Amino acid sequence: MNGQPSADVLAQIKDIPIYRPSVERGHFPVLEKPEIARGFPDNWMTPALAAALDAGEAEFVLSTGTNHARMQIIRPPYFLLNSYYQLWSEHPDIADTWHEGCRRVSLTTVLATEHVARVNARKHGGPQAEPDPVPDLEQRRLDERTFYVNLRRDPALWDRADVERMFDEIRTAQAAHPEGRYHLDCSGPHLAHLVRKAVAWGLWPAFPQPASIVHAYEYTPLNVRRYLRHHFSCPVVDLFGSTELGYLFYSDRSGRYHPYLDRMSVELIPVEPGNSRIHSLIVTSVRNPHMPLVRYRSGDCVRTEDGSADPARISRFCGREKELLRTARGPVAQGDLDDVVTAASPRVFVHRLDTRAPGRALLQYTTFDGSPLAPAEADALRHGVAELAARDADVEHREHIPIGASGKYAWLVQDA
């Protein structure tokens, strides 16, 4: 598969300035993020796009920037939300909660909460209006169906009052359904923190049980997935996508991924030809009519069932390409370290690998129960990390690993 666009894609992008040289050459190279930004927005502007912007059918937004530099894009209003809603409504395991009209409670980064509050403030108070320092629930309502509950950057620092407030707010979503059902949308680690605190403080019986759960905001470690499945009887599924693309894949309740490539195609390119079975995900998409992306490097890494570059065999989304650890044995992705951690102990919660010391690696970790690993587990983890990172390794139990400024956890600390 050479990844070159089909005739129908060519017909839709031939007048866009950024693609004209490729159309003339008859070959499209991989599209990198810096190239998208160079000359923006003139490099994307057509009469049709200018008219859509004037009519409010297209808007400028920034990507989240939590995994790479923030990038300005052009898309229809509510593009990502509508992609989420469409997939939720069609997912074989959770579509029932969509069609029943279940409310969606979102438990994710405080940046997402603040964004919703800011949009609402400016919608009602003008372009310079700012939300209240602690926005109330109505200010955190995205639409009739969805509201956000997190008000702190680091979920490990939630106190009892935070947890009880969130439970009270979740009950308002339950009350809107005749059978008390609601849909919980989350970052996996955020929900795991909420469960841990509810259990530790004797509040678990008061946890409003959801009818379906999606984690969709970041890589969710295998131990976190297992922890959530253990505590919740409803389907727990993963959605994979991005601000600029919408959602591309979904997992079923058993963890197997399925493509959701509406007006899209994907190809895989080895991150290091001849030295890696990790592949870069390259996407061609005309789902967003205002900024179609041809052979776009999403920045995500995947593995396949057999190590081949066959997109039909994708079995794992294993992190970001910019966050690969380069070793003498080849590149290591976030998912590779996650496999080592999971094999050593199901008790490890948050973990972070520090490789800044020459020739050494330090894995810091927390556990779900707060206690250090037993010596045998710690030794297994140490040996696994040393083998993976191709260097001497130590492990260190921590009571707390701070979350990043983005509201997501960094799995790797290394020299720039």
*Could you grab me the full set of residues in segment 383-396 that are crowded, with 19+ Cβ neighbours inside 10 Å and under 28 Å from the mean Cα position of the chain (by Cα)?*
GLY384, VAL385, LEU388, ALA389, VAL395
*Verdict on LEU388 being modelled with pLDDT of 95 or more, within 24 Å of LEU191 (Cβ to Cβ), not assigned by TED's automatic domain parsing to the domain that holds MET71 and not small (Gly, Ala, Ser)*: no
*asked:* Restricting to segment 139-156, name every residue that is surrounded by fewer than 16 Cβ atoms within 10 Å (Cβ to Cβ) and free of Cβ contacts under 8 Å to residues at least 24 places away in the same chain.
replied: GLU144
*Determine which single condition ALA129 fails, assuming it passes every other condition in (1) in contact with a strand residue (DSSP E or B) (Cβ under 6 Å, 6 or more places away or on another chain); (2) at pLDDT below 95; (3) of a type in the set (Gly, Ala, Ser).*
(1)
_For the structure I just gave you, tell me whether VAL134 is within 15 Å of MET166 (Cβ to Cβ), touching a residue at least 12 places away in the same chain (Cβ under 8 Å) and more than 25 Å from the chain's Cα centre (by Cα)._
yes
*Tally time: how many residues in segment 266-282 are part of a strand (DSSP E or B), over 18 Å from ASP238 (Cβ atoms) and free of Cβ contacts under 8 Å to residues at least 60 places away in the same chain?*
4
*How about segment 30-44: which of its residues are surrounded by 12 or more Cβ atoms within 10 Å (Cβ to Cβ) and not basic (Lys, Arg)?*
VAL30, LEU31, GLU32, GLU35, ILE36, ALA37, GLY39, PHE40, PRO41, ASN43, TRP44
*For segment 157-170, how many residues meet the condition of being part of a loop (DSSP other than H, G, I, E, B) and either modelled with pLDDT under 95 or crowded, with 19+ Cβ neighbours inside 10 Å (or both)?*
1
_List the residue pairs whose Cβ atoms are under 6 Å apart, where the first residue sits in segment 341-364 and is among the charged types (D, E, K, R), the second is part of a strand (DSSP E or B) and surrounded by fewer than 24 Cβ atoms within 10 Å (Cβ to Cβ), and the two are 6 or more positions apart or on different chains._
ARG347/THR367; ARG352/GLN364; ASP354/LEU362; ASP354/VAL413; ARG360/ASP392
*Select from segment 116-137 the residues that are under 23 Å from ARG171 (Cα atoms) and either touching a Ser or Thr at 6+ places or on another chain (Cβ under 9 Å) or surrounded by 13 or more Cβ atoms within 10 Å (Cβ to Cβ) (or both) and list them in ascending order.*
VAL116, ALA117, ASN120, PRO135, LEU137
*Taking THR109 as meeting all but one of (1) surrounded by fewer than 20 Cβ atoms within 10 Å (Cβ to Cβ); (2) under 23 Å from GLN174 (Cα atoms), write down the number of the exception.*
(1)
*Do we find a residue being within 23 Å of CYS318 (Cβ to Cβ), touching a helix residue (DSSP H, G or I) at 6+ places or on another chain (Cβ under 7 Å) and hydroxyl-bearing (Ser, Thr, Tyr) anywhere in segment 174-197?*
no
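Matching residues to (1) in the same structural domain as VAL286 (by TED's automatic domain parsing); (2) at pLDDT below 95; (3) touching a helix residue (DSSP H, G or I) at 6+ places or on another chain (Cβ under 9 Å):
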{"position": "ASN2", "(1), (2), (3)": "no, yes, no"}
{"position": "ILE13", "(1), (2), (3)": "yes, no, yes"}
{"position": "TYR19", "(1), (2), (3)": "yes, no, yes"}
{"position": "PHE28", "(1), (2), (3)": "yes, no, yes"}
{"position": "LYS33", "(1), (2), (3)": "yes, yes, no"}
{"position": "GLY39", "(1), (2), (3)": "yes, yes, yes"}
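The values are calculated or read from the model by the stated rules, or taken from the named source; none is laboratory data. The shown structure was predicted, so the numbers you read here are calculated from the model rather than taken from an experiment. Backbone-built Cβ (ideal geometry, glycine too); neighbour counts: all protein chains shown.
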